[in-house]
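Only one structure is covered here, and it is reproduced in the block below.
The values are calculated or read from the model by the stated rules, or taken from the named source; none is laboratory data. Predicted model only: the values in this text are computed from it and were never measured. Cβ placement follows ideal geometry from the backbone for every residue including glycine, while neighbour counts extend to all protein chains displayed.
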Amino acid sequence: MHVSSSENIRLLEAKIGYKFKKKSLIKEAITHKSFSREKSADTKFSNERLEFLGDSVLGLIISDYLFSVYPLYSEAKLSKIKAYTVQEATLADVASGLGIGSHLQLGKGEDSSGGRKKTSLLANAFEAIQAAIFLDGGFKNAKNFAIRNLEVKIKELIERNLLFDFKTRFQEVVQEQYGILPKYKIYKEEGPEHMKTFEVKVFVKDDFYGAGRGKSKKGAAQKAAEAGLKKLEGSEA
């Protein structure tokens, strides 16, 4: 953005509905490692540590919310709703809606390659902001931020019955059509140990059917299965 750092922060605070007492926290939350590397080869100032904390804070907030609001739901169903709510795609969609991408501090290369719209960067920034609010204003403010932005996603999921196990369904369809089981292979692991991203590919016989990325092997496999289902549906059309 072509505005001063303080103005950038002021505009972002207005969008997320929280004013920071300690501005250094929100500055850290929107700083990607590519920006820090260009400023100094030695600096490690970026939002990765806040992202790590935000992931756990968000998980606790959503678990607490679901446990309280949906007392009749089983552990399995609550787990599925939580997984959908905190997945990369959901957080990136919310971050995009808030306009967080335009406030990120990115290196020139990352910026020119469309970094402000990248799903992973947006989701990471949302988690980092979540942690920054927690550190600056405590659990109550952190919870208000999370629920204000994610409650609509949770309700939409439940109302539209989007709790769909793509992996199970893909296996059923493949067995029906080919009499065999699909095979999943971990194609790539990226990132530090505490915040890895996995890419999984699924094959039927030796034919590639789909790929998926996620913060867990299970999540990536679900997305690969979803892609596989779409390919099967397309071949049947």
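Within region 178-195, residues that are surrounded by 12 or more Cβ atoms within 10 Å (Cβ to Cβ) sit with their Cβ atoms under 7 Å from residues that are in a strand (DSSP E or B) and among the acidic types (Asp, Glu), at 6+ positions apart or across chains, in these pairs: Tyr187/Glu199; Lys188/Glu199.
Of all residues in region 101-147, exactly one satisfies the criterion of being acidic (Asp, Glu) and within 12 Å of Tyr18 (Cα to Cα), namely Asp136. When we screen Ser56, Ser74, Ser24 for residues that are in the same structural domain as Ser102 (by TED's automatic domain parsing), closer than 23 Å to Lys140 by Cβ, surrounded by fewer than 18 Cβ atoms within 10 Å (Cβ to Cβ) and more than 19 Å from the chain's Cα centre (by Cα), the only hit is Ser24.
Results for (1) over 17 Å from Ile147 (Cα atoms); (2) modelled with pLDDT of 95 or more; (3) part of a helix (DSSP H, G or I), shown as yes or no for each residue.
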| residue | (1), (2), (3) |
| --- | --- |
| His2 | yes, no, no |
| Arg37 | yes, no, yes |
| Phe52 | yes, yes, yes |
| Ile62 | no, yes, yes |
| Ala76 | yes, no, yes |
| Tyr84 | no, no, yes |
| Thr90 | no, no, yes |
